[in-house]
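Notes follow the structure.
The values are calculated or read from the model by the stated rules, or taken from the named source; none is laboratory data. Nothing here was measured: the structure is a model prediction, and the numbers come from that model. In this analysis, Cβ positions are derived from the backbone assuming ideal geometry, glycine residues included, and neighbour counts consider all displayed protein chains. Calculation scope for accessible area: heavy atoms of the full protein, side chains included, ligands and nucleic acids excluded. Shrake-Rupley method; radii C 1.70, N 1.55, O 1.52, S 1.80 Å.
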Amino acid sequence: MKKTTGKKRRLQKPEPSPDSCFNGPPAKSIRTVNGFNFSTSDPYPAHSSPTSDECLSVRDDLLNLHGFPREFLKYRKERERLSECCSIVDGGRGEHRDNVESEPVDEKESVLDGLVRTVLSQNTTEANSERAFSSLKSAFATWEDVLSAESKSIEDAIRCGGLAPTKASCIKNILSSLSKRRGKLCLEYLHGLSVDEIKTELTTFKGIGPKTVACVLMFNLQKDDFPVDTHVFEIAKFIGWVPDDADRNKTYLHLNQRIPNHLKFDLNCLLYTHGKLCSKCTKRTGARQRKGSEEQSCPLFKYSKDT
């Protein structure tokens, strides 16, 4: 009989999967669905901007310049209504009320309406996407009618918004999947879920990516999230809130970690609006040449790393 030495065999540890790492060990597991990174880690922990004071200062400067954008007033009023119902006292929200114009309360937009509206806003102008949504709602009385319609009919209704075949297919897929999973075309159940659960639900729909999910979270579900579109992304880089080599997904993760929740909604709406109206701070190339008289009309130049 072979004599045992009493030594135990040392088991080799498996090599970590690249997908389980995030900028080096130790790392949390990261799940990505439809391009959506579910990590709650800050990809730039050493990047200290923006601070709470910087967020507040930029919010105040843009609010003084533009006032609060009228197109987002109905969503702001819904957030305030929910805050009052929940008896939430937020010192930041009561500021600058004089800059907010009064407006009649619109009929509340459903979550499904908001999701489809956001899909139609992809890769087109705001005016075109609004026309496409209005055309779709005029052509079909209910979402059930859209579901049962031929794809060509849906494409014709939204053609003015561009990419009609792609967007029609996405909308059809959302409605079909929702009908099979829930038995009815309604997304109001998302109100009762956590942010992570909502992200999981929405990203199961083909064609629904990070920006669309974040917009629905912020506008239609009144969650404290911070979508990053082209305007927000370019301004964030211009004023040094993210590193120069940042991409949109990491910018989303970083800003959602750094920006205080009570400032996210107003700041996001104002950055988006400013990005549409100001060409001076949304294009990094030639920024130095655009200084001078132009920087006097853009309050964000004083935050730029180039100044």
### Message
If Asn128 meets every condition in (1) in a loop (DSSP other than H, G, I, E, B); (2) at pLDDT 95 or above; (3) of a type outside the set (Ser, Thr, Tyr) apart from one, which number is that one?
### Response
(1)
### Query
Which one of these does Leu217 not meet: (1) open to solvent by 10 Å² or more (accessible area, probe 1.4 Å); (2) under 29 Å from Glu188 (Cβ atoms); (3) modelled with pLDDT of 95 or more; (4) assigned to a helix (DSSP H, G or I)?
(1)
### Message
When you scan region 126-134, do you find a residue that is open to solvent by 40 Å² or more (accessible area, probe 1.4 Å), more than 22 Å from Asp229 (Cβ to Cβ) and out of contact with any strand residue (DSSP E or B) (no Cβ under 6 Å at 6 or more places or on another chain), even just one?
### Response
no
#### Entry: All positions within region 39-56 that are assigned to a helix (DSSP H, G or I) and open to solvent by 40 Å² or more (accessible area, probe 1.4 Å)
Ser52, Asp53, Glu54, Leu56
### Task
Starting from region 158-185, keep only residues that are of a type in the set (S, T, N, Q), then list their pairs with residues that are open to solvent by less than 30 Å² (accessible area, probe 1.4 Å) whose Cβ atoms are within a distance under 8 Å, requiring at least 6 positions of separation or different chains.
Asn173/Phe205; Ser177/Phe205; Ser179/Leu185
#### Entry: Residue list for region 241-264, filter: surrounded by fewer than 17 Cβ atoms within 10 Å (Cβ to Cβ) and more than 16 Å from the chain's Cα centre (by Cα)
Pro243, Asp244, Asp245
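Which of the following residues is at pLDDT 90 or above and assigned to a loop (DSSP other than H, G, I, E, B): Phe72, Phe68? Spell out the reasoning first.
Working: Phe72 fails: assigned to a loop (DSSP other than H, G, I, E, B).
Answer to the selection: Phe68.
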